[in-house]
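What follows is one structure encoded as structure tokens, with my remarks underneath.
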Amino acid sequence: MPAYFIVQNTVKDEAQYQKYVQAVVPFIASFGGRLVARRAKVEVLEGEHDQRPVVMFEFPNMEAIHAFWNSPDYVPIKKLREGIATMNIWAFPDA
């Protein structure tokens, strides 16, 4: 069952953040993840949203998301964004 990985962030250093993006997108692809929305503007139909754009990846399943997220090879990639981006990250299976 497909699963989704959503990222919403605030970036303090765009040039450094781009180094993270260039490393993480192909790494995510190695776990079967594919980019389905990049910096998408959220249209609020009801309720509230803080207006930050979102990035969304589709993975084959939740296990693939956990394999990516918990991979020891992700640790040095993740360090590329330390101190330069504040992130909200969610994962959920397709219903």
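In the range 56-95, which residues have a backbone nitrogen under 16 Å from the label point lying 7 Å from S30's Cα in the Cα-to-Cβ direction?
In the range 56-95, the label zone of S30 (backbone N under 16 Å from the point 7 Å along Cα→Cβ) covers 64-80.
Suppose every Lys and Arg Cβ carries +1 and every Asp and Glu Cβ carries -1, with no other charges. What dipole size does the chain come out with about its Cα centre, to the nearest 20 debye?
On the way: 10 positive and 11 negative charges, 82 e Å.
It comes to approximately 400 debye.
With contacts defined as alpha carbon pairs under 8 Å and 6 or more residues apart, what's the relative contact order of the chain in percent?
Value for the chain: 51 percent.
Tell me, what HN-Hα J-couplings in whole Hz come from the Karplus equation 6.51 cos²θ - 1.76 cosθ + 1.60 at θ = phi - 60° for each residue of the range 58-74, using x for Gly and Pro?
Coupling constants for the range 58-74: 9, 10, x, 5, 5, 4, 5, 4, 5, 4, 4, 4, 9, 5, x, 6, 7 Hz.
Along its three principal axes, how long is the range 40-95 when you only count alpha carbons? Whole Å, largest extent first please.
Each principal axis gives a Cα extent; for the range 40-95 these are 39, 33, 14 Å.
Relative contact order for the range 20-61 using alpha-carbon pairs under 8 Å, separation at least 6, rounded to a whole percent?
Working: 42 pairs, mean separation 17.8, N = 42.
Answer for the range 20-61 is 42 percent.
Name the residues whose placed amide hydrogens come within less than 5 Å of the amide hydrogen of A37, ignoring near sequence neighbours (fewer than 5 apart) on the same chain.
Amide H to amide H, under 5 Å and 5 or more residues apart or across chains, A37 pairs with M56.
For the range 43-50, what does the Karplus curve 6.51 cos²θ - 1.76 cosθ + 1.60, with θ = phi - 60°, yield as ³J(HN,Hα) per residue in whole Hz, taken in order and with x for Gly and Pro?
In residue order, the calculated couplings are 9, 7, 9, 6, x, 10, 8, 7 Hz.
Over all distinct Cα pairs, what is the inverse of the mean 1/r for the chain, reported as the Kirkwood hydrodynamic radius in Å?
Values: mean 1/r = 0.0715 Å⁻¹.
The Cα-based Kirkwood calculation yields 14.0 Å.
Taken together, the values in this text are just the output of simple stated rules run on the coordinates, not laboratory data. This one's a predicted model, so the numbers in the text were calculated from it and none came from an experiment. Note that we place each Cβ from the backbone using ideal geometry, even for glycine, and neighbour counts take in every protein chain shown.
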